[in-house]
Amino acid sequence: MKGEVLYSNHGLTVTVSTYALLFKYPFRLAHGSRKRTSAVFLTLREGEITAYGEAALPPYLGTEADQVIEFLRRLSFRQMVNLPLSEAAQQIDAVASGMHAAKTCADMALHDLHARRAGVSLRDFLNFPGKEPVHTTYTLGLSTPRELRVKLREADPFRMLKLKLGGPDDTERIKQFRQLTAKPFCADINQGWTDRTQAARTAEVLGAEGCIFIEQPFAPGREGDVQWLRERVPVPVIADESVRRYDEMMQVISVYDGVNIKLMKSAGIREAAAMTAELRRRGKTVVLGAMAESSCGATAAAHLAGEADYVDLDAPLLITNDPFSGITYRNGAVVLPEQPGTGVQLSDDTRSARTPH
């Protein structure tokens, strides 16, 4: 993968590359549709060891690729590669406010480097619990009836589905979905509900159809409406866009039944793990998810899956030009690679190809 060299000295080379992840189907949500997601990849090469990090940049994060690269330029990788990971994370966080995905990108690459140096998987390096098998949901974006049939055939190996909703025709979409499959499912609204009375009606339909949980029904800041909904409908409500980092989680956690934790929001692997531990301490539901991202980020997240109640790591299956190999899927279960660190590698056709923009 071609890229810009940010640093090269003392046996360390730091490279950054931009990339456009292309969706297999148009990615339709309640608030829009897109065919691609921008990503920035960071490579740390030290002798025979190569480590990787990813910043996936969906529009709602409000961060552009050039901002991520500028952030990474400000980091002293020569110093940080030899710091304890907790201290390096503090230095990364202090560079600028926000920039969560950029911070995760650097943090992920450093964790990968340290674990590869030790010759063990990231999960073992951090003493994260293992759990086999870990089954992931399979995402069904907003679809026409014909598209839904095709996607359901592709989702056949997966035990649980994630149904994207968030519009005036949600009830009809649920009906179409249930006519085609009886599989367990959750519903991801992506902030799409605006009227809480209508939201309650749709949530009642979801409950009647066996929906396991409803994710992010309203826009962030409408926690009062979330509480109102939970008092009327017995379907658990999970936060996603309303919670990025640990401090945000602590401000609203009493309103939700759980949180969808994603590395790209949390600013780092250890913070995501701390969020998971706090949710479990409180008896809340832990969903481990991912943005629209490549196998680089999704594989790093998969090392945390042992403490999750539900896993939503199908992102690599939803794109057509994944530049990495990493996690694989067996009968709907996530399989970690056997290599040290996160275990990701550049795919064979990426090693010699120019990075698409």
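FYI, it's all coordinate maths here, none of it is from the lab. The structure presented is a predicted model; accordingly, all values stated were derived computationally and were not measured. So basically every Cβ, Gly included, is an ideal-geometry build from the backbone, and we count neighbours across all protein chains shown.
For a quick protection proxy, order the peptides 234-247, 193-206, 302-315 by their average other-Cβ count within 10 Å, most packed first. If you can, show how the numbers build up before the last one.
Working: 234-247: 19.7, 193-206: 17.9, 302-315: 22.8.
Ranked by mean Cβ neighbours within 10 Å, highest first: 302-315, 234-247, 193-206.
The orientation-averaged shadow of the Cα convex hull for segment 90-199, equal to a quarter of the hull surface, comes to 10.9 nm².
Couplings 3J(HN,Hα) of segment 105-115, computed from phi: 4, 5, 4, 4, 5, 5, 4, 4, 4, 5, 5 Hz, in residue order, whole Hz [Karplus 6.51 cos²θ - 1.76 cosθ + 1.60, θ = phi - 60°; x for Gly and Pro]. What the Cα convex hull of segment 155-227 gives, in volume per residue, is 82 Å³. Taking 0.36 nm per residue of separation and subtracting the current Cα-Cα distance, fully stretching the chain between Arg146 and Lys35 would add 38.1 nm. Distance distribution P(r), segment 1-125, all Cα-Cα pairs, bin width 5 angstrom from 0: 2, 11, 21, 22, 18, 13, 8, 5, 2, 0 percent. A Förster distance of 30 Å, applied to the separation of the beta-carbon atoms of Arg178 and Arg280, puts the FRET efficiency at 0.40. The string of couplings for segment 117-131 from the Karplus curve (6.51, -1.76, 1.60, θ = phi - 60°) is 4, 6, x, 10, 5, 4, 4, 6, 4, 9, 6, 6, x, x, 8 Hz, one whole number per residue in order, with x for Gly and Pro. Residue-wise HN-Hα couplings along segment 164-179, as the Karplus relation 6.51 cos²θ - 1.76 cosθ + 1.60 with θ = phi - 60° gives them from phi, are 7, 9, x, x, x, 9, 4, 4, 5, 4, 4, 4, 4, 4, 6, 6 Hz; Gly and Pro carry x.
Can you compute the FRET efficiency between Asp169 and Ala96 using 1/(1 + (r/R0)^6), with r the Cβ-Cβ distance and R0 = 30 Å? Round to the nearest 0.05. Once rounded, the FRET efficiency stands at 0.15. The spacing between segment 110-163 and segment 9-62, judged by their C-alpha centroids, is 17 Å. Proximity of backbone amide H atoms, modeled 1.01 Å from N, is registered between Tyr138 and Met160, Leu161, Lys162 at under 5 Å, excluding neighbours fewer than 5 places apart on the same chain. With kT/(6 pi eta Rh) evaluated at 4 °C and eta = 1.567 mPa s, and Rh the Kirkwood radius from Cα pairs, segment 1-73 diffuses with a coefficient of 95 µm²/s according to Stokes-Einstein.
For the chain, the share of DSSP beta bridges that are antiparallel, to the nearest 5, is 60%.
Amide H to amide H distances under 5 Å link Met291 with Met264, where only residues 5 or more positions off or on other chains count and H is placed in the peptide plane. The gain in end-to-end length when the Asp124 to Glu209 segment is fully stretched comes to 26.6 nm, 0.36 nm per residue minus the alpha carbon separation.
Measure up Lys35/Lys164; Lys131/Lys284; Lys162/Lys284; Lys2/Lys265 against 23 Å on the Cα-Cα distance and list the ones that go over. Numbers along the way, then the final one.
Numbers: Lys35/Lys164 16 Å; Lys131/Lys284 19 Å; Lys162/Lys284 19 Å; Lys2/Lys265 26 Å.
Lys2/Lys265, as the Cα separations exceed 23 Å there.
Adding -39500 (n - 2.57) for every DSSP H run of four residues or longer, then dividing by how many residues the chain holds, sets the calculated 222 nm ellipticity at -10000 deg cm²/dmol. With a Förster radius of 30 Å applied to the beta-carbon distance between Val255 and Glu4, the computed FRET efficiency rounds to 0.10.
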